[in-house]
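Have a look at the structure below, then the notes.
The values are calculated or read from the model by the stated rules, or taken from the named source; none is laboratory data. Computed from a prediction, not measured in an experiment: that's the story for all the values here. No Cβ is skipped: glycine too gets one built from the backbone with ideal geometry, and neighbour counts run over all protein chains shown. Side chains are part of the model used for accessible areas, which takes the heavy atoms of the whole protein and leaves out ligands, DNA and RNA. Shrake-Rupley method; radii C 1.70, N 1.55, O 1.52, S 1.80 Å.
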Amino acid sequence: MIVISIRDNIFKIRENIDKLCLATGRKNDVRIVAVTKYVPVDRIHECLKYGINDIGESKVQELLKKRDCINPKPNYHFIGHLQTNKVKYIYDKVDLIQSLDRIDLANELEKRASIADITINLLIQINISKESTKSGIFENEVFEFIESLQNHKHLQIQGLMTIGSNTDDKAIIRSDFRKMYNLSEKIKSKHYERVNMDILSMGMTNDYSIAIEEGSNMVRIGTGIFGEREKMEG
Ligand SMILES: *Cc1c(COP(=O)(O)O)cnc(C)c1O
């Protein structure tokens, strides 16, 4: 049996991020989102002990079930595909929805937020690699998408999110991440209302080092912290 030390994993990742930031001459402003899909509550509590304050879940039911058992509550990030009919269950329970990928979803979020009189924080998910299996807005369509959110007064866009290419070719992964950084700078320069580009969420267990070198300030790490895990029900 392999014993996984969540503590050691977190410390190693932190150390690596420090090194990467130093090497690229930037200050370390990288937030680690611990991705806890399929991870049981006791292991989540363990990672919170070691200074993790951001938790990412990708399934609505799983998020709700586990969130109830976690106190005090860390920041919750929703990182999976969000069905419009499930918005009502989570819109007021998460701090950041990282997967805004279509106007239907924006409309439903705006409706709920306006009734509750709250602001919902979002990242626009970009399908930078244009893989057909991925959701997300294409790079060349993002400006039009943002402009279509003009009347969504209860939505605040905090940045962009992407999932790196599903390839072993590091050059492709790097080039996609670089495109993301440039895109976020371009959006920033437009000074849209209720849109800032404070967050660039890219990098997972296998590609977070490249992502940080290319300007990511939010990495989403599951396997690297909790090890490989089996899918669980719900
Ligand atoms: C599962 C998942 C991650 C974490 O992936 P690991 O390879 O386990 O680090 C990050 N982002 C999203 C959107 C995910 O679904």
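Only helical runs count toward this figure. For the chain, summing -39,500 (n - 2.57) over DSSP H runs of n ≥ 4 and dividing by all residues gives -11000 deg cm²/dmol at 222 nm. Grab the other residues whose beta carbon is less than 12 angstrom from that of residue 7, score K and R as +1, D and E as -1, and report the net. In short, +2.
Phi-derived couplings, Karplus 6.51 cos²θ - 1.76 cosθ + 1.60 at θ = phi - 60°, listed residue by residue for the stretch 41-53: 4, 5, 6, 5, 4, 4, 5, 5, 5, 9, x, 6, 10 Hz, with x used for Gly and Pro. Computed over the chain with a Gaussian network model linking Cα atoms closer than 10 Å, the most mobile of 77, 191, 154 is 191. The relative contact order of the stretch 63-137 comes to 28 percent, based on Cα pairs under 8 Å that sit 6 or more residues apart. Within the accessible area of the stretch 6-224, what % is carbon and sulfur when the probe is 1.4 Å and the other protein chains stay in place? Of the solvent-accessible surface of the stretch 6-224, carbon and sulfur hold 46 percent. Summed over the residues of the chain and divided among them, the accessible surface reaches 51 Å² per residue at a probe radius of 1.4 Å.
Taking every C-alpha pair closer than 8 Å and separated by at least 6 residues, the mean separation divided by the residue count of the chain gives a relative contact order of 21 percent.
The simple spin-label model puts a point 7 Å past each Cα toward its Cβ; for residue 119 and residue 167 those points are separated by 3.8 nm.
Under the 0.36 nm per residue contour assumption, what length would be gained going from the current alpha-carbon distance of residue 22 and residue 132 to full extension?
Gain on extension, residue 22 to residue 132, equals 36.0 nm.
Among 97, 118, 44, the largest mean-square fluctuation in a Gaussian network model of the chain (Cα springs under 10 Å) belongs to 118.
If the reach is capped at under 22 angstrom between alpha carbons, list the lysines near residue 12, excluding any in the same chain fewer than eight residues apart. Here the lysines satisfying the reach criterion relative to residue 12 are 27, 37, 49, 170. In loop segments of the stretch 121-195 as defined by DSSP, the chymotrypsin sites (Phe, Trp or Tyr not before Pro) with at most 12 further C-beta atoms inside 10 Å of their C-beta are 138.
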